[in-house]
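Inspection log for the structure reproduced underneath, given as structure tokens.
All of the numbers you see were taken from the coordinates with simple rules; none came from a lab. Treat the numbers as computed from the prediction; the structure is a model and nothing was measured. Note that we place each Cβ from the backbone using ideal geometry, even for glycine, and neighbour counts take in every protein chain shown.
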Amino acid sequence: MTGDPVPSMILSAKRQVVLPADLCRQMALQPGSSVDVCLAEDGSGILIRPAAVVPRKPASVLFGRVTHRGRPVSIDEAQGVAVARRVLGRSAP
């Protein structure tokens, strides 16, 4: 580990720890940030790393990928079909 030693932390009953604010600032972690937690390769401790961020794409990338033949279907009709399938316990049309 580099830098100043991190103070000891206490594991809560829910197995949670609070990361020191200075450490979070150094790693650019903010509330809601995703992290990966794993055992160190040599088994000497637990590693917490920022999770790889998957860039979000706008919904517009989906336009033109799905085709529909026949008359247009309203959102209400599509939701009605989904509810009916759930009630009848079927997934096929």
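Laid out as a table, the results:
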read-out	value
Relative contact order for the chain, counting Cα pairs under 8 Å that sit 6 or more residues apart, in percent	12
Cβ-derived FRET efficiency at R0 22 Å, S60 paired with A84, nearest 0.05	0.15
Packing-based exposure ordering (other Cβ within 10 Å, fewest first) of K14, K57	K14, K57
Label-point separation, C24 to V37 (7 Å along Cα→Cβ), nm	1.5
Highest to lowest packing among 19-29, 61-71, 43-53, scored as the average C-beta count within 10 Å	19-29, 43-53, 61-71
Rounded tilt (10° steps) of 75-88 against the dominant C-alpha axis of the chain	80
Simple Cβ-charge dipole of the chain, Lys/Arg +1 and Asp/Glu -1, about Cα centre, in debye nearest 20	800
Percent of C-alpha pairs per 10 Å bin, region 1-53, short to long	19, 55, 26
